[in-house]
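**Q** My structure is below; once you've seen it, I'll send some questions.
All of the numbers you see were taken from the coordinates with simple rules; none came from a lab. Note that the structure is a prediction, hence the values are computed from the model and not measured. Cβ atoms come from the backbone with ideal geometry, glycine included; neighbour counts cover every protein chain shown.
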Amino acid sequence: MNIFRCLFWVPLMLSQAVSAHAETATGAGSSAAAPIYRGWAKAYSQAVGHAVEYESIGSSAGMKKIQQQAVGFGATDVYPSEKDLAEHGLLALPVAITGIAPVVNLPKMQGVPLRLTGDVLSRIFMGEITRWNAREIVALNTDIALPDLPIKVVVRADGSGTTYNFADYLGKVDPKWKSAYGAKTSLSWPAGFMAVKGSEGVAKGVRETAGSIGYVDYGYVTEYGLVPVQMRNADGVYVKPSIDAFRSALSNSEWAASGSFNTTLTQRPGKSSWPITMGTFVVFPKVARNPEQTASALRFVIWSFLNGDSLVQENNFVRLPDRVQASAFKQITAVRDPQGKTLGMGLLSSIQPPSP
């Protein structure tokens, strides 16, 4: 059961919400989460009659827009630091769980999945392993005739939560990566890498470039017909990216155990856990300088939380655990207008919950 169905009926001390409904909810940020927001927007428009405009411009650009309150909500795949949240007067709420898939375009693979370990993947993205028939890759794939081709690496050029989580994982499995690159939304890639904007750009780049490897959010694997890599996880088992593998990583994390959601989900234990799992977040101002804009965005997100579980799963994401949804609900109710009146609490009273 969606926890919001229960929480909706808790008696509320409602303040007067913004009465005028803005015609359009606006948001910007994560390209990983774009499929969710597109799916929610379509269903919301059909059910309520209001439009939603979402710009898939990357997590870093989305955070800049919400810091300026140029949009109703921001979207990021990196939970902002407490310092950044306090400095800019923001709150961040989890939306769903997904994963990052290394994807390859290798000729004559005949459907046999390529296997990689974290340290080999790290060396590829540091530019140290440069050919597909390198002994380190051959040793992991003795049943595959690997081509004698240069490795063409496709990476994100823009500030990206996907890059952050990918780098966070590599730093956990390779001390050299952690020392050289760390976990950042933007990285200084080796010379000769193909740097493109957005998950769409990486997906297209890999699909169109023989001998390439890149990393994309799982939803783009099916959409673009890409071939994912099997990765060795924290338990030493080779797994492929899947909803069940992301769910396993989630169940072996603090998110499921305590309801907290400010840690990454990479390299979690579990025989079936995908090692590059990540959460995605929506971001609101605590005090809305443009209450109508923020209220319109809140209304969209609240409606989606109440009605959107099936859409999350249809778009190859994992829904939040009930405990995490409850924590998110509490944060929504804290959004206020400049006069101190709550927006989130009042808006809940005007949105019909789904039938149990």
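**Q** In terms of the ratio Rg/(2.2 N^0.38 Å) built on C-alpha atoms, what value belongs to the chain? Write down the numbers at each step before the final one.
**A** Values: Rg = 20.9 Å, N = 356, 2.2 N^0.38 = 20.5 Å.
That works out to 1.02 for the chain.
**Q** Can you give the net charge of the other residues whose Cβ lies under 13 Å from the Cβ of D148, counting K and R as +1 and D and E as -1?
**A** Values: positive: K108, R131, R135; negative: none.
Net charge around D148: +3.
**Q** Ok, one more. What is segment 99-277's relative contact order, in percent, from Cα pairs under 8 angstrom and six or more apart in sequence?
**A** On the way: 355 pairs, mean separation 51.5, N = 179.
Reported as a whole number, the value is 29 percent.
**Q** Could I ask something else about it? Below 8 Å between Cα atoms, with a sequence gap of 6+, how large is the relative contact order for the chain in percent? Provide the component values of the computation, followed by the final result.
**A** Details: 780 pairs, mean separation 98.4, N = 356.
Here the relative contact order equals 28 percent.
**Q** Once you list every other residue whose beta carbon is under 13 Å from the beta carbon of R323, what net charge do they have if Lys and Arg are +1 and Asp and Glu are -1?
**A** After counting each charged neighbour, the total is 0.
**Q** Then there is this: Using alpha carbon coordinates only, what is the Rg to Rh ratio of segment 99-277, with Rh defined as the Kirkwood radius? Walk me through the numbers on the way to the answer.
**A** Numbers: Rg = 15.3 Å, Rh = 16.3 Å.
Over the Cα atoms of segment 99-277, Rg/Rh equals 0.94.
**Q** Something else now. Considering only DSSP beta bridges with both partners in segment 99-277, what is the antiparallel share in %, to the nearest 5?
**A** Details: 14 of 21 bridges.
In segment 99-277, DSSP labels about 65 percent of beta bridges as antiparallel.
**Q** Excluding A203 itself, what net charge comes from residues whose Cβ is under 10 Å from its Cβ, given Lys and Arg +1 and Asp and Glu -1?
**A** Values: positive: K204, R207; negative: E200, E208, D217, E223.
Once all neighbours under 10 Å are counted, the net charge is -2.
**Q** What FRET efficiency comes out for the pair E208/Q46, r = Cβ-Cβ distance, R0 = 35 Å, nearest 0.05? Please list the in-between numbers first.
**A** On the way: r = 34 Å, r/R0 = 0.98.
Efficiency computed from Cβ-Cβ geometry: 0.50.
**Q** Spelling out what I want: for every residue of segment 275-284, take phi, set θ = phi - 60°, compute 6.51 cos²θ - 1.76 cosθ + 1.60 (Karplus), and round to whole Hz; glycine and proline get x.
**A** Those phi angles translate into x, 10, 8, 8, x, 10, 10, 10, 10, 10 Hz.
**Q** Hey, what D do you get for segment 211-324 in µm²/s if you plug the Kirkwood alpha-carbon radius into Stokes-Einstein at 37 °C and 0.692 mPa s?
**A** Using the Kirkwood radius from Cα pairs, D works out to 205 µm²/s.
**Q** Roughly what % antiparallel, to the nearest 5, for the DSSP beta bridges in the chain?
**A** Numbers: 27 of 44 bridges.
The answer is about 60 percent antiparallel.
**Q** Using the basic label-point model (7 angstrom from Cα toward the beta carbon), what is the K240 to Q339 distance in nanometres?
**A** Result: 5.8 nm between the two label points.
**Q** In degrees from 0 to 90, rounded to the nearest 10, what is the angle of the helix 161-173 Cα long axis to the longest principal axis of the chain?
**A** Taking the Cα atoms of the chain, the angle to 161-173 is about 50 degrees.
**Q** Right, another one. What lysines does K286 reach when the alpha-carbon gap must be under 19 Å and sequence neighbours fewer than 8 apart in one chain are set aside?
**A** K64, K65, K83, K330, K341
**Q** Would you mind computing, in nm to one decimal, how far apart the modelled labels at S81 and Q313 are, each placed 7 Å from Cα along Cα→Cβ?
**A** Going from the S81 label point to the Q313 one covers 3.9 nm.
**Q** Using a basic spin-label model with each label point 7 Å from the Cα along Cα→Cβ, how many nm lie between K108 and E53?
**A** Result for the modelled spin labels: 5.1 nm.
**Q** Quick one: compute the contact order of segment 240-351, relative version, from alpha carbon pairs under 8 angstrom and 6+ residues apart, as a percent. Please report the intermediate quantities before stating the final value.
**A** Working: 134 pairs, mean separation 30.4, N = 112.
After rounding, I find 27 percent.
**Q** Pull up the cross-link candidates among the aspartates and glutamates for K178, meaning alpha carbon to alpha carbon under 13 Å and not fewer than 8 places away within one chain.
**A** Of all the aspartates and glutamates, those that pass the test against K178 - Cα under 13 Å, at least 8 places apart if same chain - are D119, D168.
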